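The values are calculated or read from the model by the stated rules, or taken from the named source; none is laboratory data. Note that the structure is a prediction, hence the values are computed from the model and not measured. Glycine gets a Cβ as well: all are built from the backbone with ideal geometry, and neighbour counts include every protein chain shown.
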Amino acid sequence: NAGVTQTPKFRILKIGQSMTLQCTQDMNHNYMYWYRQDPGMGLKLIYYSVGAGITDKGEVPNGYNVSRSTTEDFPLRLELAAPSQTSVYFCASWVRHINQPQHFGDGTRLSIL
Amino acid sequence: AQTVTQSQPEMSVQEAETVTLSCTYDTSESDYYLFWYKQPPSRQMILVIRQEAYKQQNATENRFSVNFQKAAKSFSLKISDSQLGDAAMYFCAYRSAVGSARQLTFGSGTQLTVLP
């Protein structure tokens, strides 16, 4: 009963480095999301996907890229990491049903130094 | 675009007492969903309670209940018989019933402290 799994849990990057945050879900959900949470704030949407091969920008997409080659996986790519990307990143998934909630992973804490 | 406002950055309650967390939202939509999430220090996002806008009856989950006032666009969370384990950051969230993304829009959160 894994749900939404995010890796890694913690990471420190140097300015200008790149990395990929991994997210996988085993619930066959068609919708997947990436949010970021800055200190003392709520979550903001970075990118989302409504199914394999389909992605779209959210509220704060600059500096990020995503892909969705399978239903299960939705990796988030940071190119040229900047200090402003220091945040906690959450992946979530959802099945389109009347009142189902989104399921969240445990988050990835990312620091850019 | 929808916005969610939580005007109480911090709240405290005595153990076994009742506390109410406030949330207001702005939307032009008539059909939507509202949620309260709890985030303990472990960072997990834990769903506490949900409310469908088309339902007039307020949702209840054990010690947690909401006061949903659709006309006033208000969605407060009441925690009864507060326990030490209730200490956490609480987020109010909105989800549209239409549109392609169906993402959650979050408020800025209320940090709840439970005093023994």
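Of the residues that make up segment A:74-82, is at least one farther than 29 Å from B:LEU112 by Cβ, within 14 Å of chain B (Cβ to nearest Cβ) and touching a Cys at 6+ places or on another chain (Cβ under 6 Å)?
So the first thing to find is which residues in segment A:74-82 are farther than 29 Å from B:LEU112 by Cβ, and the list is A:74-82.
Restricting the remaining residues to those that are within 14 Å of chain B (Cβ to nearest Cβ) gives A:74.
In the following step, the residues that additionally are touching a Cys at 6+ places or on another chain (Cβ under 6 Å) were identified as A:74.
Checking segment A:74-82: at least one residue is farther than 29 Å from B:LEU112 by Cβ, within 14 Å of chain B (Cβ to nearest Cβ) and touching a Cys at 6+ places or on another chain (Cβ under 6 Å).
Would you say A:GLY53 is surrounded by 14 or more Cβ atoms within 10 Å (Cβ to Cβ) and of a type in the set (Gly, Ala, Ser)?
On the way: surrounded by 14 or more Cβ atoms within 10 Å (Cβ to Cβ): no; of a type in the set (Gly, Ala, Ser): yes.
Against the criterion (surrounded by 14 or more Cβ atoms within 10 Å (Cβ to Cβ) and of a type in the set (Gly, Ala, Ser)), A:GLY53 does not qualify.
Can you work out which of the residues in segment B:3-22 that are assigned to a loop (DSSP other than H, G, I, E, B) and away from every other protein chain (no Cβ under 11 Å) is farthest from B:GLY109 (Cα to Cα)? Spell out how you get there, then give the answer.
Of segment B:3-22, the ones assigned to a loop (DSSP other than H, G, I, E, B) are B:6-9, B:15-18, B:22.
Among the residues that remain, those that are also away from every other protein chain (no Cβ under 11 Å) are: B:7-8, B:15-18, B:22.
Working: B:SER7: 9, B:GLN8: 8, B:GLU15: 21, B:ALA16: 22, B:GLU17: 21, B:THR18: 19, B:SER22: 10 Å.
So the residue we want is B:ALA16.
A quick yes/no check of all residues on (1) in contact with a Lys or Arg (Cβ under 8 Å, 6 or more places away or on another chain); (2) of a type in the set (Asp, Glu); (3) buried (at least 16 other Cβ atoms within 10 Å of the Cβ); (4) not in a loop (DSSP other than H, G, I, E, B):
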{"position": "A:ALA2", "(1), (2), (3), (4)": "no, no, no, no"}
{"position": "A:ARG11", "(1), (2), (3), (4)": "yes, no, yes, yes"}
{"position": "A:GLN17", "(1), (2), (3), (4)": "no, no, no, no"}
{"position": "A:THR24", "(1), (2), (3), (4)": "no, no, yes, yes"}
{"position": "A:MET27", "(1), (2), (3), (4)": "no, no, no, no"}
{"position": "A:TYR33", "(1), (2), (3), (4)": "no, no, yes, yes"}
{"position": "A:PRO39", "(1), (2), (3), (4)": "no, no, no, no"}
{"position": "A:ILE46", "(1), (2), (3), (4)": "yes, no, yes, yes"}
{"position": "A:GLU59", "(1), (2), (3), (4)": "yes, yes, no, no"}
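Here is a check on your reading of the model: is B:LEU77 among the hydrophobic types (A, V, I, L, M, F, W, C) and out of contact with any Lys or Arg (no Cβ under 6 Å at 6 or more places or on another chain)?
Numbers: among the hydrophobic types (A, V, I, L, M, F, W, C): yes; out of contact with any Lys or Arg (no Cβ under 6 Å at 6 or more places or on another chain): yes.
Against the criterion (among the hydrophobic types (A, V, I, L, M, F, W, C) and out of contact with any Lys or Arg (no Cβ under 6 Å at 6 or more places or on another chain)), B:LEU77 qualifies.
Which residue, of B:ALA87, B:ALA97, is more than 16 Å from B:THR3 (Cβ to Cβ), surrounded by 12 or more Cβ atoms within 10 Å (Cβ to Cβ) and either more than 11 Å from chain A (Cβ to nearest Cβ) or touching a His at 6+ places or on another chain (Cβ under 7 Å) (or both)?
On the way: B:ALA97 fails: either more than 11 Å from chain A (Cβ to nearest Cβ) or touching a His at 6+ places or on another chain (Cβ under 7 Å) (or both).
Every option except B:ALA87 fails the conditions.
Of everything in segment A:71-83, what is surrounded by fewer than 14 Cβ atoms within 10 Å (Cβ to Cβ) and more than 16 Å from A:LEU21 (Cβ to Cβ)? Give them in sequence order.
A:PRO83
For B:ALA71, all conditions in the list (1) under 16 Å from B:GLN6 (Cα atoms); (2) loosely packed, with under 13 Cβ neighbours inside 10 Å; (3) among the small types (Gly, Ala, Ser) hold save one; what is the number of the exception?
Condition (1) is where B:ALA71 drops out.
Where residues in segment B:38-58 are assigned to a strand (DSSP E or B) and within 8 Å of chain A (Cβ to nearest Cβ), which of them is modelled with the lowest pLDDT? Quick ask: steps written out before the conclusion?
So the first thing to find is which residues in segment B:38-58 are assigned to a strand (DSSP E or B), and the list is B:38-39, B:46-52.
Then drop every residue that is not within 8 Å of chain A (Cβ to nearest Cβ), which leaves B:47, B:50, B:52.
Details: B:LEU47: 94, B:ARG50: 94, B:GLU52: 91.
Only one residue tops the list, namely B:GLU52.
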